[in-house]
1. Rounded to the nearest whole Å², what accessible area per residue is found for chain B with the 1.4 Å probe?
2. So what is the relative contact order of segment B:154-394, in percent, for Cα pairs below 8 Å that sit 6 or more residues apart?
3. For segment A:82-193, take N as its residue count and report Rg(C-alpha) divided by 2.2 N^0.38 Å.
4. Just to be sure I understand the model, the point goes 7 Å from the Cα along the line to the Cβ. What's the resulting B:Ala310 to A:Arg165 distance in nm?
5. In nm, one decimal, shortest first: how far is the label point of B:Pro387 (7 Å from Cα along Cα to beta carbon) from the matching points in the other copies?
6. How many square angstrom of accessible surface are buried between B and A, both sides summed, with a 1.4 Å probe and rounding to 100?
7. When only DSSP loop residues count, what chymotrypsin sites (Phe, Trp or Tyr not before Pro) in segment A:243-308 have their Cβ near at most 13 other Cβ atoms within 10 Å?
8. From the label point of B:Ala310, set 7 Å along Cα to the beta carbon, how far off in nm is each other copy's matching point, shortest first?
Number of protein chains: 2
Amino acid sequence: MNQIVIEKTNQVTEILRAKGLDLWLTFVRDTSAGEDPVLPLIYGDAGLTWHSALIFSAKGDKIAIVGRFEAETARNVGAYDHVIAYDEDIRPALLGELQKLDPQQIAVNYSDNDSMADGLSHGMYRNLMGLLEGTPFTNRIVSAEHLISALRGRKTKSEVERIQRAITSTLEIYEEAFTQLQVGMSEIEVASIFHASVENQKLGYAWPKNNNPAVNTGPNSPVGHNAPTELLIEPGHLVHFDFGVKEDDYCADIQRMVYFLKEGETEAPIPVMNGFETIVKAIQRAFSIIKPGVPGIEVDAAARAVVTDAGYPEYKYATGHQVGRLAHDGGTLLGPAWERYGKTPYLLVEEGQVYTLEPGLMVPGYGYVGLEENIIVTHDGAEFLAPPQTSLILK
Amino acid sequence: MNQIVIEKTNQVTEILRAKGLDLWLTFVRDTSAGEDPVLPLIYGDAGLTWHSALIFSAKGDKIAIVGRFEAETARNVGAYDHVIAYDEDIRPALLGELQKLDPQQIAVNYSDNDSMADGLSHGMYRNLMGLLEGTPFTNRIVSAEHLISALRGRKTKSEVERIQRAITSTLEIYEEAFTQLQVGMSEIEVASIFHASVENQKLGYAWPKNNNPAVNTGPNSPVGHNAPTELLIEPGHLVHFDFGVKEDDYCADIQRMVYFLKEGETEAPIPVMNGFETIVKAIQRAFSIIKPGVPGIEVDAAARAVVTDAGYPEYKYATGHQVGRLAHDGGTLLGPAWERYGKTPYLLVEEGQVYTLEPGLMVPGYGYVGLEENIIVTHDGAEFLAPPQTSLILK
């Protein structure tokens, strides 16, 4: 029994009803090849080899149809009231269950916009349509994206506790690393301090190690999803970090800023201060607006305007994304109306979702300023999951 | 630079030509959500966040179109001659490259049968068709399954070395664990001996830890992809193991057999010996037949017939699968013509592929007998990658 799977599968019936869907079908095979991202929420980490169907109905049915050799494992998940084992062909059992339930909508895991709800491969979609051929069900297939978005987004008690632990560990590693930073270290050396802590504590990485942490020192460091370089920290550099651990399968994703004083400086120069204050203000602005029912694009626009109103070019990415099992956990995005984000910025913020807030800007001659805080949406607003950075760390 | 990615991408042009394909397009986003299984071979582990296109042409072009923030990472992969960065919309760059190359076939990563070649999600397929709308390319989309099957299957020198290392580690852990086995231990306790070795040596699991190793003691243990149970080893039990480590991203997958003598026994009883010898013989039969050009189904039929000719029921799974980055590495399957295997048993064996041979049978009253050996296909036959088990281990 996996506590998270029990909590998450117990959310499904209510969400199906709220979304007006009769049935949700997760159809997978060979999960070792690349897993439907919803599977850890509704099946755990056991893996499924043969064509397998996990079925939830709005009436409360929870059915797993799996290859004979995996039936025992499916029963041990503890979330399915009815486990059906088959030997050669899933079709008879699958059609039998569908005929019994006769759903008017069969929601399956594809989404044009939300990669977390897009775990059905195109080949498996073709397989499913082949299995259903000649039945009325072929015309009842719809996207499960709204269901999955709600299910992933609405964090259960255990999920919030795990995210909190990941945030705590991330901030502790930051604090320890900051005591060791020195002029003359390369970005790569700095990253290795973080890596040593992650590995000593047997934690995981919230995104791949090669750019976790991202470390950007000074004005010439390429900013984005890049690996740290051989560039050295110099006096007068802004140093930007983007770092997060994965702990017990849940992630943190936090950016922090340090400024290295030049000889004779006792505080950061005015352009650096202005840039930093602008980002702090942009985060506070987004935080003050976010609440259930607000579309993501409005939160993005509010933070983005703080940066552009202060005269900086707009940042080329979204203000915030959800955090959970993955650093980028899909669903509603606090983002602008750009093609690459599809419709996710138009989706609504819901209670229980965890978001990053992460505006950024470049201070010419000094480097990049980016902060990233993690917040949880409450019934009428939001709370920071850890104290935000509001003053520049000086070294 | 990732040596495996360099070796694998260097195989692509020749395979495209051999398969009569002008162009191969891998189209992905948000790989942290669930990765196209071909990506580690052609891009490494850096991850891609926004809509990204990796293009190989039969003329030898190697092009990556990625979000601006990931362009530096894409260049550092070292496999792409041309890296194109975009900000908001991949469409202009993607259509531009396709128009320049004007391919008559665009192979994309979907497959009805081979999950390793089925990394394109249904939502991303819909996105791609939307991007190509109004161009002649919508009618030139074909499956890349034969290309990917050849690419994954034909192991390079570095890949074979890594598989060999994983096999060596797997067998060493078996040997050490076998010294500790005792009557009265539970399957769960036995599995924990293996887990301790894997974790002390900082190795990975070739498939999920919850059933790696699988441990089946005696006639009442549920056999298949099940987690070990509280059943205890007793005298007169056959104990079956299915275990494999992942080392440097490559897997081993090996089954071994132990028999616990009853008081007074000096060898295994006749039914146990007969069952064991039948499985050894079935493996030898498959091994003697496998060579390039033979369909997988013929190898399966040969081994399967040894078991059924000896009077045992046929095993309800394939005789063998490919091994590589994954324990179940897709492509040609040494399997029977069952719906759940699709067309994979009809595909041909090729030189350089690594397969398991793993027939099995139940000896009533004693337990399950299954052995699994790992072999590599040579130009005119095959070689065992480690000495096969040919006599029952007695305890």
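The values are calculated or read from the model by the stated rules, or taken from the named source; none is laboratory data. Since we're looking at a predicted model, the values are computed, not measured. Methodologically, a virtual Cβ is constructed for each residue, glycine included, from the backbone with ideal geometry; neighbour enumeration extends over all protein chains shown. Ligands, DNA and RNA are excluded from the accessible area calculation, which covers all protein heavy atoms including side chains. Shrake-Rupley method; radii C 1.70, N 1.55, O 1.52, S 1.80 Å.
1. Result: 36 Å² per residue.
2. Relative CO of segment B:154-394 lands at 21 percent.
3. 1.77
4. Once both label points are built, they end up 4.7 nm from each other.
5. Nearest to farthest, the other copies are at 6.5 nm.
6. Details: alone 16660 and 16660 Å², together 28570 Å².
Interface area, both chains combined: 4800 Å², rounded to the nearest 100.
7. none
8. 7.5
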